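The values are calculated or read from the model by the stated rules, or taken from the named source; none is laboratory data. The structure presented is a predicted model; accordingly, all values stated were derived computationally and were not measured. Every residue, glycine among them, receives a Cβ derived from its backbone with ideal geometry; neighbour counts consider all protein chains shown.
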Amino acid sequence: MQQVMENEKTFSYDNVPYDSHPFPQSHPDRLATIATLFGMKPQPVENCRVLELACASGGNIIPLAQALPNAHFVGIDLSARQIEDGKKVVESLGLKNIELKHVDLKDLTEAEGKFDYIVAHGLFSWVNGNTQEKILEACEKLLAPNGVAYISYNTYPGWHFRGMIRDMMLYHAGPIQEPNAKAGQARALLDFLSQSVPTENNAYGIMLKNEVEVLRNQRDSYLFHDHLEEENKPMYFHEFIEKANAHGLQFLGEAEFSTMLTSNFPAQVNETLKKISTDIVRTEQYMDFVRNRTFRQTLLVRSDVQLNRNLTFEQVKQFLIASPIRPISENFELQSAKPESFALPNNVQLTTPQPLVKAALQYLGEVWPKAVSFHELLDTALARVAPNVIQDKNAAEAQAQLLGSDLLTAYSTNAVVFRTTELPFVTSVSDKPKVSAMAKFQAENGNYVTNQLHEIVTIDIFSKHLMALLDGKRDHKQLLSELTKLVKADTLVVQKDGKQLKDGDALQESLTIAMNESLNKMAKAGVLIA
């Protein structure tokens, strides 16, 4: 989150830079997927134009520019220091399709051209009302006819409680000017409160403890800018949409599609929500009341765009589909109608008795993170469950409807991912493996890289050194030779059975095993490129 107006506050971001990293939910493909699902024809992400408001040092927008070389990206921010930091990265990577500008939001004009996707993450709630209007005005002026704007913000009712905690932290740390000291005192108050307020049969104590646990794991820069800045203006969802409507914008959906469905609530809640509201904005607001929601990532489009919210299995056919899902049972039965459960890394589980759907999910898990077309998925699943059966037209359509409907349900629970385009990574280790220039740069300068799915991948010391060598010019033997040099220079330490290895066959064996394991992990993490 960065400020792009209000000059008197700029120095808080120059002095305490905000952590700048990728937000997968803001990826143009995510926005294009939701738009396509609701009947729009958004600009293909391969050659789109993207504007990010409050881009900080480019941690979100620079990896996108690296991954989509035929698209064009513009990022603006009022922090001169962070823009300069971002420009150094852009220059180091040699990117020609991105511009980072030290520009005030109010100075944006239509001379910038139209943008297919506009992103404002962590900005809207941290500026005053006038600046909020400027954000929506920028979307009104600069959004292409079929464009999508992503705006995240804090929401009520959930932020009523968080606002109370913020007020207490500000009261305690208010006189302190030095940012780290201020954050430290805020943490001290939170620790005092969590230790002093009982949790047994005490809703206040339970909620307080939960909030303290969330904040305890965040960096001081997050605590300082997200909770201790002067401006923090949450609002109800319906109030946000009213502001958007006044600027010729309408609600498309949420970046997290699963949050939009009443069917994800218990049956009684679902039925009540359907009875009390048929208007999508009111329904979304009631769902916020039920969830005590604190944060939204809302997608807006122009008011004259015609949307189709009647979702059917037919819509699924136009997407690529992916999932890291795996069968839980070791005695997985594919051909029978026995229900089988599948699990995902995010603890989501899905159970189905349908052989066709089981076969499709099994295949998706095998090829992850690759995405496949609906027709490839259907044909592969049919070949696994009925390899010798010739399908007539009606039977084939019935199978397509079954699979499409179940995939739509799986998408609504985050069990599968829909994409509009294949992202630029490879899922196998080549003779001369390669990572992006962005990943090499990040590996050399930190402990995480951005993969080609626009996600953060934490890396260990060995992978850091290996990634620095993955320029696509070295084969496995040459990589092993370079790693050996690092060991002999004491840059890389290899141990076996508690003893440090410096040379010999044992070292070569250990390096080979470690290198192969690391490369395979990179392939499964979407880090390797062609």
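Per-residue answers, yes or no, for (1) of a type in the set (K, R); (2) in contact with a Leu (Cβ under 8 Å, 6 or more places away or on another chain):
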| residue | (1), (2) |
| --- | --- |
| L403 | no, yes |
| D406 | no, no |
| V416 | no, yes |
| R419 | yes, yes |
| V429 | no, yes |
| K432 | yes, no |
| A437 | no, yes |
| T450 | no, no |
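For region 455-475, how many residues are assigned to a helix (DSSP H, G or I) and either closer than 14 Å to V435 by Cα or among the polar types (S, T, N, Q) (or both)? Counting residues in region 455-475 that are assigned to a helix (DSSP H, G or I) and either closer than 14 Å to V435 by Cα or among the polar types (S, T, N, Q) (or both) gives 5. Just wondering, is there one or more residues in region 75-93 that are in contact with a Cys (Cβ under 6 Å, 6 or more places away or on another chain), surrounded by 22 or more Cβ atoms within 10 Å (Cβ to Cβ) and farther than 19 Å from V148 by Cα? There is at least one residue in region 75-93 that is in contact with a Cys (Cβ under 6 Å, 6 or more places away or on another chain), surrounded by 22 or more Cβ atoms within 10 Å (Cβ to Cβ) and farther than 19 Å from V148 by Cα.
Every condition in (1) among the hydroxyl-bearing types (S, T, Y); (2) at pLDDT 95 or above; (3) in a helix (DSSP H, G or I) holds for S125 except the one numbered (2). Kindly evaluate P28 against the criterion of being touching a helix residue (DSSP H, G or I) at 6+ places or on another chain (Cβ under 8 Å) and modelled with pLDDT under 95. Answer is no for this residue.
If you take the residues in region 138-161 that are assigned to a strand (DSSP E or B) and of a type in the set (G, A, S), which one is farthest from E256 (Cα to Cα)? Once the filter is applied, the top-ranked residue is A144. The set of residues from region 440-490 being among the aromatic types (F, W, Y) and under 18 Å from I513 (Cβ atoms) comprises just one member, F462.
Just to confirm my filter: which helices (runs of 4 or more DSSP H) fall fully inside region 220-331 and include at least 2 residues that are touching a residue at least 60 places away in the same chain (Cβ under 8 Å) and buried (at least 17 other Cβ atoms within 10 Å of the Cβ)?
220-227, 237-245, 313-316
Considering every residue within region 252-260, establish whether at least one is over 30 Å from M164 (Cα atoms) and within 22 Å of the chain's Cα centre (by Cα). Yes; the residues of region 252-260 include at least one that is over 30 Å from M164 (Cα atoms) and within 22 Å of the chain's Cα centre (by Cα).
Of all residues in region 417-457, exactly one satisfies the criterion of being surrounded by fewer than 15 Cβ atoms within 10 Å (Cβ to Cβ), farther than 29 Å from D85 by Cα and among the small types (G, A, S), namely S428.
Candidates are the residues of region 481-504 that are part of a helix (DSSP H, G or I) and free of Cβ contacts under 8 Å to residues at least 24 places away in the same chain; the one that is surrounded by the fewest Cβ atoms within 10 Å (Cβ to Cβ) is G504. Among the conditions (1) over 30 Å from A65 (Cβ atoms); (2) touching a Gly at 6+ places or on another chain (Cβ under 6 Å), N394 misses just one, which is (2).
Taken together, T294, T312 contain a single residue that is within 24 Å of the chain's Cα centre (by Cα) and within 30 Å of N245 (Cα to Cα), which is T294.
Quick check on E271: is it farther than 26 Å from T413 by Cβ, charged (D, E, K, R) and not assigned by TED's automatic domain parsing to the domain that holds A415? No; evaluated as a whole, the condition is false for this residue. Residues in region 441-480 that are hydroxyl-bearing (S, T, Y) and in contact with a helix residue (DSSP H, G or I) (Cβ under 8 Å, 6 or more places away or on another chain): Y448, T450, S463. Here is a check on your reading of the model: is A396 at pLDDT 95 or above and of a type in the set (G, A, S)? No; evaluated as a whole, the condition is false for this residue. Pairs are defined by a Cβ separation below 7 Å, a sequence spacing of at least 6 or placement on different chains, a first member in region 368-385 that is closer than 12 Å to K317 by Cβ, and a second member that is of a type in the set (K, R); the pairs so defined are F374/K317.
Of everything listed in (1) over 26 Å from E239 (Cα atoms); (2) assigned to a helix (DSSP H, G or I); (3) not polar (S, T, N, Q), the single unmet condition for M164 is (1). With respect to the conditions (1) hydrophobic (A, V, I, L, M, F, W, C); (2) surrounded by fewer than 16 Cβ atoms within 10 Å (Cβ to Cβ); (3) within 25 Å of W126 (Cβ to Cβ), I206 lacks only one, and its number is (3).
Just to check your reading of the model, which residue among E110, E99, E133, E140 is in the same structural domain as P42 (by TED's automatic domain parsing) and closer than 22 Å to P234 by Cβ? Being in the same structural domain as P42 (by TED's automatic domain parsing) and closer than 22 Å to P234 by Cβ holds for just one of E110, E99, E133, E140, which is E133.
Of everything in region 332-344 that is of a type outside the set (A, V, I, L, M) and surrounded by 15 or more Cβ atoms within 10 Å (Cβ to Cβ), the residue that is farthest from the chain's Cα centre (by Cα) is E340.
Looking across region 345-367 at every residue that is surrounded by fewer than 18 Cβ atoms within 10 Å (Cβ to Cβ) and among the hydrophobic types (A, V, I, L, M, F, W, C), the one that is nearest to T421 (Cα to Cα) is identified as V367.
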